[in-house]
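Remarks on the structure that follows.
The values are calculated or read from the model by the stated rules, or taken from the named source; none is laboratory data. On a predicted model such as this, the values are computed, not experimentally measured, just so you know. Neighbour counts run over all protein chains shown; Cβ positions are idealised from the backbone, glycine included. Ligands, DNA and RNA are stripped out before the accessible areas are found, and what is left, the full protein with its side chains, is counted by its heavy atoms. Shrake-Rupley method; radii C 1.70, N 1.55, O 1.52, S 1.80 Å.
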Amino acid sequence: MSPGPMVIPAGLVVLVGPPASGKTAFVRELVAQGILDPEAVVSSDDIRAELYGGESVDAASGTADARVFDERDRRITDRLAAGRIAVAESTNVTLRARARLVAIAERFGAPVTALRFPQDEADLLGQNEERERNDVSAADVSAYAAIMRREASSARLRTEGAAFVYDVPGRGQGVTPAEAARRFTFCPP
């Protein structure tokens with residue numbers, strides 16, 4: 001008998017993974033399967049598109065990034081203040097990125113759950129080639145993967161304040177995003 005789905009408590013869910021690790025596909029499946037309310041997902045990529053649309057904006061621009069992440073933080077704050085779940089969908093592989101999110105959750109006494117996307121670098125590079133986006137180079141993917149290996153182990157995430165840490169399986173483990181999504185359920189507030 002297989003165990004039931006992993007239960008994610010209401011609070012802040014921080015997705016942690018390099019570009020092309022399957023975070024967006026996983027979240028889309030959670031929403032498509034009715035496991036997660038689409039309003040719970042706070043995506044830095046979606047916010048960037050909302051703020052800048054088709055404008056040519058340097059993704060590495062400090063001003064653009066500051067505006068995107070300030071808006072992300074505002075949306076997460078609003079959800080947590082209302083006692084609702086918030087899913088931070090961005091790479092979050094660095095301590096600095098996660099510390100900012102954990103601090104928001106702590107203000108509201110909200111538990112933090114980290115969902116890790118630890119894919120092999122070869123799988124990441126293959127998935128990056130298949131993506132519709134072309135704003136992330138292979139070198140960028142490799143750099144983020146190296147940062148994750150150094151800075152985002154399960155043990156480290158726990159010491160940073162994550163109450164729960166789960167690895168989300170992906171292509172390297174022979175699991176589709178739809179199958180991975182069915183392994184999780186979210187507690188209502």
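So here's what we get for this one:
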quantity: PHE26, PHE186, PHE108, ranked by accessible area, largest first (probe 1.4 Å); calculated: PHE108, PHE186, PHE26
quantity: Fraction of accessible area attributable to carbon and sulfur, segment 1-154 (%, probe 1.4 Å); calculated: 51
quantity: Cα-centre dipole for the chain with unit charges at Cβ (Lys and Arg positive, Asp and Glu negative), debye to 20; calculated: 740
quantity: Cα gyration tensor of segment 142-189 - equivalent ellipsoid semi-axes, whole Å, descending; calculated: 22, 19, 7
quantity: Accessible area expressed per residue, segment 54-189, with surrounding protein chains retained (probe 1.4 Å, Å²); calculated: 53
quantity: Model label zone, ALA82; criterion: amide N under 13 Å from point 7 Å along Cα-to-beta-carbon; scope segment 102-123; calculated: none
quantity: Equivalent ellipsoid semi-axes, segment 31-181, via Cα gyration tensor eigenvalues times 5, rooted, Å; calculated: 23, 21, 17
